[in-house]
Amino acid sequence: MVCSEMLSNKKILIAEDEAIVAMGIQDTLKSFGYGISGIVQSGEEVFRHLAKEKPDLLIMDINLKGDLNGIETAEKIKSEFDIPVIFLTAYSKDEIFRKFAKNEPFRYLNKPCRPSDLFNEVESAIADSG
């Protein structure tokens, strides 16, 4: 387990419409020493959360409940906030590139993801964001 004071200062928001998946991601991130800003299930909830708190990173499923999917939510976040996003997806690599053509550069993880892959993407996204 990686547990440092620096990691615990980083807060991550999880946007995932499947509660069991979200809890698994939360547990994995906590085991690495990250703080969890919250868990939400829709794009609309992401923005309500961001109105109260600014996480360091957002891990977001492409398919969310509500009117905004993950891609639409990320586009709005990119224009209004300076928060890196890692997408979670069950899509194939080719489908991902078609969907994200205008959102590059982007980070993504295929579901289900290994804890080490999640850790590496989170670390890279945080390092790249300064």
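Under a 1.4 angstrom probe, counting protein chains only, how are ILE20, ILE126 ranked by accessible area, largest first?
The most accessible residue leads, giving ILE20, ILE126.
Which length gain, in nm to one decimal place, applies between LYS11 and GLU44 when the Cα-Cα distance is subtracted from 0.36 nm times their residue separation?
9.9 nm
Of LYS30/LYS76; LYS52/LYS111; LYS30/LYS78; LYS11/LYS78; LYS30/LYS65, which sit over 23 Å apart, Cα to Cα?
LYS30/LYS76; LYS52/LYS111; LYS30/LYS78; LYS30/LYS65
The values are calculated or read from the model by the stated rules, or taken from the named source; none is laboratory data. Predicted model only: the values in this text are computed from it and were never measured. In case anyone asks, the SASA skips ligands and DNA or RNA and just uses the protein heavy atoms, side chains included. Shrake-Rupley method; radii C 1.70, N 1.55, O 1.52, S 1.80 Å.
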